[in-house]
Every structure is written in C-alpha cells, then in structure tokens.
Amino acid sequence: MKTIGNMSFMTRLVVLFALIMLNAAMAFGQYSVSSFKGDVKIKHAGQAVAATQGMPIGAFDLIVIGQGAEVVIFDKASSSEYTRNIPGEVSPNTLVIDAKKAASSNLSNIHRNIGMTKSSSPEEGKMYVEKGKITLALEDYDPTSDDFMVDAKVLAAYAANKLNTVSPDKLGENFPVGLRCEHTDSGLISFELDNTSDVPLYVNVIKILPENDGKGKYRISELGQPVGCYVLLPNQAIMRRQSKGAKADQTHILVAAHYYFSIDDLIESIATELGDKEKKDGPTLELPIYLKAF
C-alpha cells in the first residue's frame with residue numbers, strides 16, 4: 001500500500017472521512033427550533049416537514065417561513081436565540097448573521113443617533129459609546145448592556161444644563177422609579193431607590209461643595225460608589241445611609257442612567273461644564289438620564 005509520510009493513503013482517507021462526519025454531526029446539533037408562530041417548515045435533503053419545538057436544524061438545512069409566520073432558533077454554540085419573520089427559505093447560518101446585523105443596526109439607531117447639543121458635527125453629541133473592556137462580572141450581571149456606556153461628556157453637559165436651569169427642589173420631580181432622599185442639618189444623608197422599571201439602572205452620587213477646597217467643588221459623595229456604579233436590575237432596591245458627618249452646605253446629586261457610566265469621568269467633565277462661563281447651550285433633548293438633588 002502506498003504511504004504518505006508515516007500514514008498510509010487509506011488511513012488518511014478514513015481520518016478525513018471521520019472528521020467530515022464529526023463536523024457534520026456538530027453542525028447538525030448546533031441549531032434547533034426554540035419556538036415558532038404560523039407556517040414554519042424545516043427542509044432537510046429536499047424534504048420539508050412541519051417544524052416542532054426543539055427540532056434540530058442542520059447547518060445545510062433550510063428554514064421555510066410562510067407569510068405572517070415567525071421562527072426563533074437556538075444557537076447552542078453561543079447560547080443565543082435569533083428571530084426571523086421574513087417569508088421565504090433561509091439557512092440557519094444566514095438567519096443568525098442577518099439577525100446579528102439587524103441587532104447591530106438597531107443598537108446604532110438607539111444609542112448613537114441621540115443628539116444632545118447644537119453641534120453640527122455628527123460625531124459629537126452621541127449619548128452612548130462602546131465601553132471597551134468590560135468585567136466578566138458585569139457582563140454576566142447585565143448581559144443586555146451590549147458593551148455600551150454613557151458618554152461622560154454628554155452626561156455632564158446634560159446634568160450641567162439641568163443644574164443651571166432647574167431649581168434643586170424641582171430636580172428629580174419626575175424620577176421614573178421609586179426614590180426617597182434625606183439630608184438633615186444634623187449630618188444625616190440617605191437615599192433609598194427601588195427599580196420598578198423593566199430595565200437595569202446604573203446609579204452613583206456626586207456632591208457639590210460651596211467653594212473649591214483645592215481639590216475641586218465636584219467630588220464623589222459619601223453615599224457614592226467610587227469604583228464603577230451601583231447596578232440595580234429590575235425589581236431590585238438599594239438603600240445607602242450615613243448617620244452623621246455630612247455637611248449641611250453641600251448638595252448631593254444622585255445620577256441614574258440605563259447604562260454604565262464612569263464616575264471619575266463624570267466628575268471631571270461636569271467640573272469643566274459648570275466651570276465654563278461662556279457655555280450657555282445645554283442638551284436640547286430630554287435624555288434617559290435622571291437626576292435628583294438632596
């Protein structure tokens with residue numbers, strides 16, 4: 001028998017065939033029907049059969065979607081579900097690729113096309129930017145964050161505009177979730193927040209000193225989170241309290257958004273915004289950023 005290197009030609013054919021079969025088996029087990037509505041069929045080897053929940057879909061099969069129907073497939077490799085409601089035939093690979101493209105486009109529309117200034121530059125005024133490195137813990141805790149965070153400059157400009165145009169007692173009147181704050185002359189400060197919305201809430205607290213003490217007027221509050229933010233998932237609540245020591249002449253600002261933001265960048269940017277006497281224009285839109293002074 002002819003040999004190639006240390007392996008016979010027949011042995012190589014057997015190994016190659018085994019690898020092909022293994023890949024085919026893996027491909028066949030990668031996708032399955034998670035759910036569907038209406039007329040949905042799976043075409044395998046030219047034969048179309050009605051879809052059933054949990055039915056495996058081979059990588060080379062075709063999903064046949066009828067008019068007005070919808071299918072959700074599960075991708076075992078990424079532990080993700082993908083939806084399609086466009087009539088016609090489509091392979092599971094194409095369905096996944098198209099769904100990811102659509103999701104990316106939707107995120108771009110939602111996150112990047114929200115202007116906050118009167119700037120003529122399309123690159124300015126974006127509310128959300130890519131987060132960059134994300135901790136595994138945060139990714140696991142809030143998988144809907146999509147690697148986005150609030151742009152600190154946008155957040156600071158919005159907050160500065162509100163602080164300049166709304167009296168402290170009116171700031172936060174329309175806070176979208178349950179919030180109670182307290183600041184007494186005896187030095188007690190506290191807040192209690194109940195996330196009654198259906199999306200996560202990222203929260204932190206800064207304080208404004210009456211005068212610059214050499215380290216700046218804008219600092220992290222005693223109730224703030226110096227590393228990251230407090231993260232409240234839907235139906236979660238948090239309470240922070242300092243029983244004494246808070247100064248009565250300092251104003252505390254609770255800041256909340258639906259995406260992560262950097263407290264260090266916020267403090268730096270808000271100092272610039274509020275310290276720039278020539279800047280008069282703030283955000284022109286109401287953004288999903290919530291402030292409460294106490």
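The values are calculated or read from the model by the stated rules, or taken from the named source; none is laboratory data. The structure displayed is predicted, hence computed values, not measured ones. When we count neighbours, we look across all protein chains shown, and the Cβ atoms used for this are built from the backbone with ideal geometry, even at glycine. Accessible surface areas use protein heavy atoms only, side chains included; no ligands, DNA or RNA. Shrake-Rupley method; radii C 1.70, N 1.55, O 1.52, S 1.80 Å.
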For ILE270, which of the numbered conditions (1) open to solvent by less than 20 Å² (accessible area, probe 1.4 Å); (2) in a strand (DSSP E or B) fails to hold?
(2)
Looking for something closer than 30 Å to ALA157 by Cα, open to solvent by 50 Å² or more (accessible area, probe 1.4 Å), hydroxyl-bearing (Ser, Thr, Tyr) and at pLDDT below 80 - is there at least one such residue anywhere in the stretch 11-34?
no
Scan the stretch 166-185 and give yes if some residue there is surrounded by 14 or more Cβ atoms within 10 Å (Cβ to Cβ), over 30 Å from the mean Cα position of the chain (by Cα), in a loop (DSSP other than H, G, I, E, B) and hydrophobic (A, V, I, L, M, F, W, C), otherwise no.
no
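Conditions (1) modelled with pLDDT of 90 or more; (2) farther than 29 Å from TYR141 by Cα, marked per residue:
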residue	(1), (2)
PRO176	no, no
LEU193	yes, no
SER221	yes, no
ARG241	yes, no
ALA248	no, yes
Among the residues in the stretch 281-290, are any modelled with pLDDT of 90 or more, surrounded by 15 or more Cβ atoms within 10 Å (Cβ to Cβ) and not in a loop (DSSP other than H, G, I, E, B)?
no
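Residue-wise test of (1) out of contact with any helix residue (DSSP H, G or I) (no Cβ under 9 Å at 6 or more places or on another chain); (2) not aromatic (Phe, Trp, Tyr).
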position	(1), (2)
GLY178	yes, yes
CYS181	yes, yes
SER197	yes, yes
LYS207	yes, yes
ARG219	no, yes
MET239	yes, yes
LYS244	yes, yes
ASP249	yes, yes
TYR259	no, no
Quick one: count up the residues across the stretch 57-77 that are open to solvent by 40 Å² or more (accessible area, probe 1.4 Å) and at pLDDT below 90.
4
Quick check: is even one residue across the stretch 104-111 modelled with pLDDT of 80 or more and either more than 21 Å from LEU266 (Cβ to Cβ) or loosely packed, with under 14 Cβ neighbours inside 10 Å (or both)?
no
Check on ARG240, assigned to a strand (DSSP E or B), in contact (Cβ under 8 Å) with a residue 40 or more places away in the chain and more than 19 Å from LEU287 (Cβ to Cβ)
yes
Note on the stretch 43-62: residues assigned to a strand (DSSP E or B) and under 11 Å from GLN30 (Cβ atoms) are PRO56, ILE57
Expected single match for under 13 Å from the mean Cα position of the chain (by Cα), at pLDDT 65 or above and under 30 Å from ASN85 (Cβ atoms) among ASP146, ASP142 is ASP142
Kindly indicate whether TYR158 is in a helix (DSSP H, G or I) and touching a residue at least 24 places away in the same chain (Cβ under 8 Å).
yes
Have a look at LEU254, LEU233 and point out the one that is in contact (Cβ under 8 Å) with a residue 24 or more places away in the chain and either crowded, with 20+ Cβ neighbours inside 10 Å or among the charged types (D, E, K, R) (or both).
LEU254
Would you check if there is a residue in the stretch 207-218 being modelled with pLDDT of 90 or more and not small (Gly, Ala, Ser)?
yes
